[in-house]
Amino acid sequence: MMNDLLPDERLDDLQCRGYHIIQNTKSFCFGMDAVLLANFAAGAIKKGQQVLDMGSGTAVIPILLAAKTEAAQLIGLEIQTASVEMSKRSVSLNELNDRITIVEGDIREAGNLFPAASFHAITCNPPYMTASHGLHNPYAPKNIARHEILCTLEDVVKNAAGLLVPGGSFYMVHKPFRLAEIMSVLLAYHLEPKRMQLVHPYVDKEPNMVLLQAVRGGKSRIQIEPPLILSERPPGN
């Protein structure tokens, strides 16, 4: 397989059922947030369910969910052609073509790409920053992954709501500083927040990620899970 890699590509071990993933070192590589989201969603995804990952990148979440769940079918929706091609090769490499399908397309058009109310679960690791937030990376794929250039938070939530079956779950990882906005948008599209977990980089640092599960048409009640601490102390301390 190493001989089949394109320039600037590498093969990473996902350390899960022997699965690997192809990534481009000059493009946007997946981070801890994607792994945490897959873990957060996996425990609630049931055997035989249909799952969609919106903005799938190089398909790390569908591959991890294939390893951790008995979902019948996992679809990765991704707009960037280079990422789509890498994803397809990773899926074939792991012999998962019977369970994972990669679709090239725009999150904003997801309602036209798939039938309404056709997924039991939808995951998304969306761009965290609005167009005005933070520094922009001159490399387009990284900029698209980090900033709301090709889709907004509302685009993601609106399309997820339309594609979920009643009672289906939407799972997302995001930044805590946008939590009030996130809750407002979820409720506007009848996705009731049901489970939340804050992620802290270190035990003495404020959270830098939030994991959320929202249910289409769910009743008003949210479970706040214990905080997830990634490391007890910063390196060197």
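The values are calculated or read from the model by the stated rules, or taken from the named source; none is laboratory data. Since we're looking at a predicted model, the values are computed, not measured. So basically every Cβ, Gly included, is an ideal-geometry build from the backbone, and we count neighbours across all protein chains shown.
Going residue by residue through the range 43-62, is there one that turns out to be over 18 Å from F114 (Cβ atoms), in contact (Cβ under 8 Å) with a residue 40 or more places away in the chain, crowded, with 20+ Cβ neighbours inside 10 Å and under 17 Å from the mean Cα position of the chain (by Cα)? Yes, there is a match, as at least one residue in the range 43-62 is over 18 Å from F114 (Cβ atoms), in contact (Cβ under 8 Å) with a residue 40 or more places away in the chain, crowded, with 20+ Cβ neighbours inside 10 Å and under 17 Å from the mean Cα position of the chain (by Cα). Answer yes if at least one residue in the range 20-37 is surrounded by fewer than 11 Cβ atoms within 10 Å (Cβ to Cβ) and of a type in the set (V, I, T), and no otherwise. Checked the range 20-37: at least one residue is surrounded by fewer than 11 Cβ atoms within 10 Å (Cβ to Cβ) and of a type in the set (V, I, T).
Residue-by-condition table, conditions (1) in contact with a helix residue (DSSP H, G or I) (Cβ under 9 Å, 6 or more places away or on another chain); (2) aliphatic (A, V, I, L, M):
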| residue | (1), (2) |
| --- | --- |
| D155 | yes, no |
| K158 | yes, no |
| G167 | no, no |
| V173 | yes, yes |
| S184 | no, no |
| I224 | no, yes |
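Please tell me if S90 is of a type in the set (G, A, S), farther than 21 Å from M172 by Cβ, surrounded by 15 or more Cβ atoms within 10 Å (Cβ to Cβ) and modelled with pLDDT of 95 or more. Yes; evaluated as a whole, the condition is true for this residue. Regarding G217, is this residue surrounded by fewer than 16 Cβ atoms within 10 Å (Cβ to Cβ) and closer than 17 Å to A44 by Cβ? In short, yes. The residues of the range 63-78 that are touching a strand residue (DSSP E or B) at 6+ places or on another chain (Cβ under 7 Å) and surrounded by 20 or more Cβ atoms within 10 Å (Cβ to Cβ), listed by number, are I63, L65, A66, A71, L74, I75, G76, L77, E78.
Taking helices (runs of 4 or more DSSP H) that fall entirely within the range 126-237, which contain at least 2 residues that are modelled with pLDDT of 90 or more? Answer list for the range 126-237: 153-163, 179-188. Can you pull out every residue in the range 180-214 that is over 18 Å from P166 (Cα atoms), surrounded by 12 or more Cβ atoms within 10 Å (Cβ to Cβ) and among the charged types (D, E, K, R)? Within the range 180-214, E181, K205 qualify.
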